[in-house]
Amino acid sequence: MRIPESELIINDDGSAFHLHLKPEELADTVILVGDPGRVDMISEFLSDIEFRHASREFVSVTGKYNGKRLTVLSTGIGTDNCDIVMNELDALANIDFKTREVKPEHKTLTILRIGTTGAVQPDIPLGSFIFSHISVGCDGLLNWYADRDKISELDMEKAFKEHVHWNCHLTDPYFVKASPKLIDRFADCTVKGVTVSASGFYGPQGRVLRIPLAMKDMVQDFESFRFGEWRITNFEMESSAIAGIARHLGHEAGTVCCVIANRHLKSSNPDYKPKVRELIQVSLDRLTR
């Protein structure tokens, strides 16, 4: 089936509409970061850099680390941006841009988000690295796609909604597991995480400035939730879309974040960049070993 031009927009130079990447420029291993400036930080670790593209919040480079080709790409903030990024990455890998048809052989990408996060449990110190074994999408993105129940941990979803008294005006949350392959690579150097991906930084993460919350005890209820061995560990804003769309499209994906704030302890570390550089080094080593 030929994909219409209105559904997959390809630029005149043969690149994906938003990312401005061409199929041959994409490596099989992709590092995603929220901050466009962090692409340049990671580039300092790479050799043989092939290009640097920049379009809006989407900055990308492809280079090598330990002899392995990697693409580094910024998403900007939010799951809505990750919907663009993940679909265009898959299109670059699995759709022929000349014929507009899905390729007969599927290519699996390995996709790792490296970011920052706020912990909600008192025993997770600043500077810790959390790998999101499960991502909780409070953004609603996956609910727009068919078969969302097939990739969500439905029993955990139901228990969570009951525990936190989920507001009926909010979209249903979804619980998606990360790639087991990536979980194994980071198991010995990270905290086992259940990460809430929020649709905003203030109200959706339980912050109150001048507007009260729809669920006034939200952070405390999230913190006290337990489901077998699992507990909510942290907030961020992208992991659920990355994990969910990757599961739908057959890619290996995960998120690892450096803790720069603790919501329970009301503490933060504004000088967090050295720890982020350490996480980048760890991640590059784990992805290329």
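Things to note:
- In region 14-43, the residues that are in a helix (DSSP H, G or I) form Cβ pairs under 7 Å with partners that are among the acidic types (D, E) and crowded, with 17+ Cβ neighbours inside 10 Å, at six or more places apart or across chains, as follows: P36/E57.
- Lone unmet requirement of (1) part of a strand (DSSP E or B); (2) out of contact with any helix residue (DSSP H, G or I) (no Cβ under 9 Å at 6 or more places or on another chain) for V72: (2)
- One residue stands out among those in region 60-78 that are within 21 Å of the chain's Cα centre (by Cα) and open to solvent by 10 Å² or more (accessible area, probe 1.4 Å): the one that is farthest from V30 (Cα to Cα), which is I77.
- Within region 79-91, residues that are over 16 Å from S240 (Cβ atoms) sit with their Cβ atoms under 7 Å from residues that are aliphatic (A, V, I, L, M) and open to solvent by 40 Å² or more (accessible area, probe 1.4 Å), at 6+ positions apart or across chains, in these pairs: D90/L249.
- Of residues in region 167-186 being in a loop (DSSP other than H, G, I, E, B) and touching a residue at least 24 places away in the same chain (Cβ under 8 Å), the one most open to solvent (accessible area, probe 1.4 Å): H169
- The listed residues are R226, R286, and the only one of them that is more than 17 Å from W166 (Cβ to Cβ) and either without any contact (Cβ under 8 Å) to a residue 60 or more places away in the chain or not polar (S, T, N, Q) (or both) turns out to be R286.
- Top-ranked residue of region 190-210 - restricted to ones that are open to solvent by 20 Å² or more (accessible area, probe 1.4 Å) and in contact with a strand residue (DSSP E or B) (Cβ under 7 Å, 6 or more places away or on another chain), ranked as nearest to I124 (Cα to Cα): V191
- Test set (1) at pLDDT 95 or above; (2) more than 22 Å from L287 (Cα to Cα) - M1 fails condition number: (1)
- Selection count, region 79-126, where residues are small (G, A, S) and open to solvent by 20 Å² or more (accessible area, probe 1.4 Å): 0
- Exactly one residue among S60, S47, S74, S55 is of a type in the set (S, T, N, Q), out of contact with any strand residue (DSSP E or B) (no Cβ under 6 Å at 6 or more places or on another chain) and more than 17 Å from V196 (Cα to Cα), and that residue is S55.
- When region 145-160 is limited to residues that are open to solvent by 60 Å² or more (accessible area, probe 1.4 Å) and of a type outside the set (D, E), the one that is nearest to S199 (Cα to Cα) turns out to be Y145.
- Filter result for the condition that a residue is under 22 Å from K181 (Cα atoms) and open to solvent by less than 40 Å² (accessible area, probe 1.4 Å), over A253, A261: A253
- Output for region 211-234, where each listed residue is of a type in the set (V, I, T) and either in contact with a strand residue (DSSP E or B) (Cβ under 6 Å, 6 or more places away or on another chain) or surrounded by 13 or more Cβ atoms within 10 Å (Cβ to Cβ) (or both): V219, I232, T233
- Taking the criterion of being in a loop (DSSP other than H, G, I, E, B), under 20 Å from the mean Cα position of the chain (by Cα) and closer than 25 Å to I42 by Cβ, the residues of region 102-125 that qualify are K107, T108, L109.
The values are calculated or read from the model by the stated rules, or taken from the named source; none is laboratory data. The structure displayed is predicted, hence computed values, not measured ones. Every residue, glycine among them, receives a Cβ derived from its backbone with ideal geometry; neighbour counts consider all protein chains shown. Note: areas computed on protein heavy atoms with side chains; ligands, DNA, RNA excluded. Shrake-Rupley method; radii C 1.70, N 1.55, O 1.52, S 1.80 Å.
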